[in-house]
1. Identify, by number, the condition in (1) touching a Ser or Thr at 6+ places or on another chain (Cβ under 9 Å); (2) at pLDDT below 95; (3) part of a strand (DSSP E or B); (4) of a type in the set (A, V, I, L, M) that Ala81 doesn't meet.
2. Return yes when Ser51 is polar (S, T, N, Q) and not assigned by TED's automatic domain parsing to the domain that holds His10 and no when it is not.
3. Go through region 87-112 and give me each residue that's free of Cβ contacts under 8 Å to residues at least 24 places away in the same chain, assigned to a loop (DSSP other than H, G, I, E, B) and over 17 Å from the mean Cα position of the chain (by Cα).
4. Quick check, is Leu37 touching a residue at least 40 places away in the same chain (Cβ under 8 Å) and either on the phi < 0 side of the Ramachandran plot or among the polar types (S, T, N, Q) (or both)?
5. Give region 113-147 a look and list any residue that's in a helix (DSSP H, G or I), modelled with pLDDT of 75 or more and touching a Leu at 6+ places or on another chain (Cβ under 7 Å), or say none.
6. Which of the numbered conditions does Gly107 fail, given that it passes all the others? Conditions: (1) at positive phi; (2) surrounded by 14 or more Cβ atoms within 10 Å (Cβ to Cβ); (3) out of contact with any helix residue (DSSP H, G or I) (no Cβ under 9 Å at 6 or more places or on another chain).
7. Confirm whether Ser41 is in a helix (DSSP H, G or I), closer than 30 Å to Gly139 by Cα and not assigned by TED's automatic domain parsing to the domain that holds Leu141.
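The values are calculated or read from the model by the stated rules, or taken from the named source; none is laboratory data. Being a predicted model, the structure only gives us computed values, none of them experimental. Cβ sites come from the backbone with ideal geometry, for glycine too, and all protein chains shown count toward neighbours.
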Amino acid sequence: MANPANVAVHNLRIDLGANTVIADLDLDVRAGEFVVLLGPSGCGKSTLLHSIAGLVDVTDGSIEIAGEYMTWADPKDRGVALVFQSYALYPTMNVERNLSFALRINGTPRTEIARRVQRAAEMLQLGPLLSRKPSQLSGGLARATSQDEALQGQIMLIEPMGNHRVLWLDYHGMQFASIDQD
């Protein structure tokens, strides 16, 4: 799959049981754009992200990533990284290993892995923490590490979070768009 990628959602409808969570949604996000979804709790923000990542089946409509029809593709085939509200880091791996995990699994050359991890760590000021285990990080630093880990994917989706994280995204958000422009 090409990188970076466009995401296109057309006429999306998602029913969960008897409830329609998303009805007739159209969304086009071009490569390099930074998009924020705003809305009250329960309006479908997370459900939309989960459907793009392939974790929730759609009732109707389509999802395209990098021009490819992905509505029914397996999550592993979408090139999407999703950072959950309750982030997950591998507790036995240090920050550097967590950041490089997706790249190592995908067979990225070691020199490229080192370059991308170093760049992500510098941009988000995690460089001094690369040798620490997740248990040695504050909650905010663990969240930043999980977001850095997701940056190694082609498309990063971050689940909605409390207002205390909005300032962090305001500071770092624009850096996300430039991380893969080398």
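1. That leaves (1) as the condition not met.
2. Values: polar (S, T, N, Q): yes; not assigned by TED's automatic domain parsing to the domain that holds His10: no.
In short, no.
3. Taking region 87-112 and keeping what is free of Cβ contacts under 8 Å to residues at least 24 places away in the same chain, we get 97, 104-112.
Now narrow it down to the ones that are assigned to a loop (DSSP other than H, G, I, E, B): 106-109.
Within region 87-112, Gly107, Thr108, Pro109 qualify.
4. Details: touching a residue at least 40 places away in the same chain (Cβ under 8 Å): yes; either on the phi < 0 side of the Ramachandran plot or among the polar types (S, T, N, Q) (or both): yes.
Yes.
5. If we filter region 113-147 for residues that are in a helix (DSSP H, G or I), which is where we start, we get 113-123, 127-129, 134-136, 139-147.
Filter once more, keeping what is modelled with pLDDT of 75 or more: 113-122, 127-129, 134-136.
Hits for region 113-147 are Ile113, Arg116, Val117, Ala120, Ala121, Leu129, Pro134.
6. (2)
7. Values: in a helix (DSSP H, G or I): no; closer than 30 Å to Gly139 by Cα: yes; not assigned by TED's automatic domain parsing to the domain that holds Leu141: yes.
Judged against the criteria, Ser41 is not a match.
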